Amino acid sequence: MTASATSPGAHAPASRRLRLPFSAWSMAAVVTALVLALPVLVIFGHVFIPAGEVWEHLRQTVLADYVTNSLVLLVGVGIGVLLIGVPVAWLVSMCEFPGRSVFQWALMLPLAMPAYIIAYTYTGILDFSGPVQGLIRELTGLGYGEYWFPEIRSLGGAMVMLLLVLYPYVYLLSRAAFLEQSVCVLEVSRTLGAGPWEGFRRVALPLARPAIIAGLTLALMEVLADYGTVAYFGVSTFTTGVFRTWYGLGDPAAAAQLSAVLLSFVFVLILLERWSRAKARFHHTSRRYSTLPRYRLRGWKAAGAFFACLLPILLGFLIPTLQLGIWAVQTTDQWMNPRFAGLVFNTFWLAIAAAIIAVGLALVLAYAQRMEGGRVTRVAVRIAGMGYAVPGTVIAIGIMIPFAAFDNALDAFMRDTFGVSTGLLLSGTVFALLFAYAVRFLAVSLQTVEAGLGKIQPSMDDAARSLGLHPLKTLWQVHMPIMRGTLLTALLLVFVDVLKELPATLILRPFDFNTLAVRAFELAGDERLPESSSAALAIVLVGLVPVILLSMTIGRSRPGQGAGQEDATDEDPGRRPRSRPLAVPAGTAVNPSADDPQDR
Amino acid sequence: MQVPHTPLLDLDHVDIGYDGRAVVHDATLQLPEGQIGCLLGPSGCGKTTLLRAIAGFEPVMRGQVRMHGETVSEPGYTVPPERRGVGMVFQDFALFPHLSVGDNLRFGIRHWSRAAQDERVRQLLRLVGLIGYEPAYPHALSGGQQQRVALARALAPRPGLLLLDEPFSSMDVELRGGLAREVRQILRAENTTAILVTHDQNEAFAFADRVAVIHEGRIAQLDSAYNLYHRPANRFVADFIGEGTLIPGMVEPGHQVDTALGHLQGPLSEDLPPGTAVDVLVRPDDIAIDNEQGEVRTEVLDKAFRGADFLYTLRLPDGLSVLCMAPSHDNFVIGEHVRLRLDFSHLVVFSRESGVDCPAG
């Protein structure tokens, strides 16, 4: 027989009792999860530390403000994103009117616009010295204080800014839900005499409700995580409170305790999202899909639909981008110089490094789960993916406290024993920053990698191994080449998220280390809005790339629609029915635990 | 070189399971070199699990798996699949979509010299009738072509044992029998020892020298196709293989069984004393419609046209029904009364006292 067939004989009796090295994979998953959970564990650890004076002071003075403002912001933005997101989603998926095919992707454009950037931009537009008030004064001849104009730097202003850029979450998920609904269900409702409006109210909306709630919770998590907007508008919320306690009052423990309160808000949202998604799974009673005949709108109805879809795009993307563009043209000296190039370079390599780390960890976790899907591994992977819900501010505090403690302890030890100061080894270095990004954005890469890996049927692994390949080599030679596109997508998504990230970068960045986001924030904070535009515009433009990717996948998100397209790209005919229509792409940081396609 | 009579594959009282629960119980079988075996059974019977344990994907809970006399699996020890020298063809083929046909074939022989690889690829493509397809990618091939590439890829490293997991199940029914024979010829040409897993008995009969019928995780019978049909060891095999009916009867002296069909005469499959209550297996070809000489009056309950013959369901006077195969030139109508002639060469009987039987081993 062949040599390979007898190679088991080469096994010495000593190693005979060794089990397969499967536990190595679950070990890797558990270690990764523990490391990534460190910041949150640190924050919650501080709940058990007796509250100090500062906490007492906070509780008596500002805590009520933080809670009230955060809650008002949540409720206001929540209502706003629902009122915008659901109707436009229904319009573009169920109705036919001029511009519909453009709107269905253009409505996602505000995703590219970070809230803090739209906030500066509108401040520039609507301020006393801005073009709008200038025009009013010119037309009416009134002077300062002689007419009423809404103050944008307010709680209400922050609310509007946030809902303008966050409604796409609700739009995306509810649109996907509307598209996934079986035509049969809707047709039945029509044969039973329900008109378009009644069909929407009594069938489509209840069926889509879990997805709408999931979208809402994602938007609200962003509201809780927002720092740039509220800080710029001077609104006291949890995130600004954490910053103030950390920097102003210099009390890490109190900052951590405040973060813990913020986290408890987040966990309520996570539970809400889990619950809604669990419900969403049971909603497909019929598996028949066909192209949905849309209601054709005419006349004033068509015009109404057109403007209803145009307005959010106009306000959430076109106007601010135009304003940024105008400023950027006016301030060419700001960005046509080596300093700005250095800034871009700095930001890009940081984002690339973070993306590679996040995707690498995601590969380890997802592959561990594939190799050995035991409960321990599964739980570890879920924990590692929780960071998407944790505000950057909280992650930064949770990293800063243990890193600073380690640095101080090591420094003190080295000084005492060797008389040398080691200074800052972990805190205040790029390492801390990269760690924070990995915690925050692992979920983004994990979800993408999991989806890609899930599409490769398990027999592919078995085939490679029966042809003599070790599991690690299988990952390298079979999975990674097949998933090349997926991996690039995951890299890109993390890259863009890092580019936009502000609060964690502000806290953790090394001294004199700037990114585009920090630079834009600082310049805007110094009332140098036009000068900040170049950095902001760069972020927005790069942020457009994943939105374009999203719009490309969403075109074929309906089962039965564009199915031929999907077949053409799908290279393996024996694919098992485990891959779902990619309705909600990973860029939206959707909870990765939502899908556990376990088919055994 | 080989020790004489060492079977290539030797399963010795093997239990396999997930999470401490055995799915396959006490599997014992040997496969001599050059033979083609088959694991046949309904879905969920454990046949795929058994195959995966042979391949090394699943550990065994009890017993041993030996190849060439060398232990490759026992509790706590599993030689991983990549070091077993076992080829495998998968139900969904699992061709690597990012590699061309040629590179798929080369995958398992990547350590060979380039010239040897080229020679082997050329040889295999000729063998499976795909000359010229080397640069093609899997998605450009038809299902049958992909199947042959999968087979060639598994054969490339000249595995000592080839495992085929329902390789024809995604094919059109009309193609299966032909493909099974074709693959058998290829395996013969390569002198490969192989095990096929299938739920389709026609496929198993067309393909294998020996068939293990698996029922609820146990090997119910390991035999040739002829014996499985004509000498089923237990009720499950009698029922699962071919068509037929079990009718109650009583053993009488002189190799006779008294049944609703009358006194059946023939050697009994089991040596049971007179007076034993038994069930007798009646195959559709054991009885014939013969209105001239037939003795048993029956009524046509149902019939299925199958081309060359009809399969009639006939009701006996006492209400039992039996299946009967008859040439299709006579076309009896439902409700018509016909007479049956008995044509038993031997009697397959199962004692009613022993209840539901599975082989005790």
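The values are calculated or read from the model by the stated rules, or taken from the named source; none is laboratory data. Predicted model only: the values in this text are computed from it and were never measured. So basically every Cβ, Gly included, is an ideal-geometry build from the backbone, and we count neighbours across all protein chains shown.
Screening the candidates A:368, A:355 for the property of being within 24 Å of residue A:487 (Cβ to Cβ), assigned to a helix (DSSP H, G or I), under 23 Å from the mean Cα position of the chain (by Cα) and touching a residue at least 12 places away in the same chain (Cβ under 8 Å) yields one hit, A:355.
Quick one: which of B:63, B:87 is at the interface with chain A (Cβ under 7 Å from one of its Cβ atoms), assigned to a strand (DSSP E or B) and not aliphatic (A, V, I, L, M)? None of the others qualify; the one that does is B:87.
Selection of segment A:449-462 for residues being assigned to a helix (DSSP H, G or I), in contact (Cβ under 8 Å) with a residue 12 or more places away in the chain and within 7 Å of another protein chain (Cβ to nearest Cβ) yields A:459, A:460.
For segment B:231-244, filtering for residues that are closer than 23 Å to residue B:265 by Cβ, at pLDDT 90 or above and not basic (Lys, Arg) leaves 3. Of the residues making up segment A:28-76, those that are within 25 Å of the chain's Cα centre (by Cα), farther than 18 Å from residue A:389 by Cα and surrounded by 21 or more Cβ atoms within 10 Å (Cβ to Cβ) are A:29, A:66. For residues in segment B:151-169 being within 8 Å of chain A (Cβ to nearest Cβ) and assigned to a helix (DSSP H, G or I), which is nearest to residue B:184 (Cα to Cα)? Ranking the qualifying residues of segment B:151-169, first place goes to B:154. Taking residue B:72, is it within 13 Å of chain A (Cβ to nearest Cβ), of a type in the set (Val, Ile, Thr), surrounded by 19 or more Cβ atoms within 10 Å (Cβ to Cβ) and in contact (Cβ under 8 Å) with a residue 12 or more places away in the chain? Answer is yes for this residue. Pairs linking a residue in segment A:108-125 that is touching a residue at least 60 places away in the same chain (Cβ under 8 Å) to a residue that is charged (D, E, K, R) and assigned to a helix (DSSP H, G or I), with Cβ atoms under 6 Å and 6 or more positions apart or on different chains, are A:114/A:500. Among the residues of segment A:227-262, write down those that are farther than 28 Å from residue A:120 by Cβ and aliphatic (A, V, I, L, M). Within segment A:227-262, A:253, A:254, A:256, A:260, A:261 qualify. Of (1) farther than 23 Å from residue A:455 by Cβ; (2) modelled with pLDDT of 90 or more, residue B:83 satisfies all except one. Which? Residue B:83 satisfies all of (1) farther than 23 Å from residue A:455 by Cβ; (2) modelled with pLDDT of 90 or more except (2).
Here B:336, B:353, B:270, B:295 are screened, and the one residue that is of a type in the set (D, E, K, R), in contact with a Gly (Cβ under 9 Å, 6 or more places away or on another chain) and surrounded by fewer than 16 Cβ atoms within 10 Å (Cβ to Cβ) is B:295. When B:132, B:177 are checked against the criterion of being away from chain A (no Cβ under 11 Å), part of a helix (DSSP H, G or I) and surrounded by fewer than 18 Cβ atoms within 10 Å (Cβ to Cβ), a single residue qualifies: B:177.
Would it be correct to say that residue B:115 is in a helix (DSSP H, G or I), more than 7 Å from chain A (Cβ to nearest Cβ) and small (Gly, Ala, Ser)? Yes, satisfied. All conditions but one from (1) in a helix (DSSP H, G or I); (2) of a type in the set (Gly, Ala, Ser); (3) more than 14 Å from chain B (Cβ to nearest Cβ) apply to residue A:423; the one that does not is (1).
In segment B:90-106, of all residues being among the hydrophobic types (A, V, I, L, M, F, W, C) and farther than 20 Å from residue A:472 by Cβ, the one that is farthest from the other protein chains (Cβ to nearest Cβ) corresponds to B:101. Screening segment A:495-575 for helices (runs of 4 or more DSSP H) wholly inside it with 2 or more residues that are at pLDDT 85 or above and within 14 Å of another protein chain (Cβ to nearest Cβ) returns no ranges.
Matching residues to (1) within 28 Å of residue B:268 (Cα to Cα); (2) under 32 Å from the mean Cα position of the chain (by Cα):
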residue: B:294; (1), (2): yes, no
residue: B:321; (1), (2): yes, yes
residue: B:325; (1), (2): yes, yes
residue: B:334; (1), (2): no, no
residue: B:337; (1), (2): no, no
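When A:386, A:480 are checked against the criterion of being part of a helix (DSSP H, G or I), within 14 Å of chain B (Cβ to nearest Cβ) and closer than 17 Å to residue A:357 by Cα, A:480 stands alone in meeting it.
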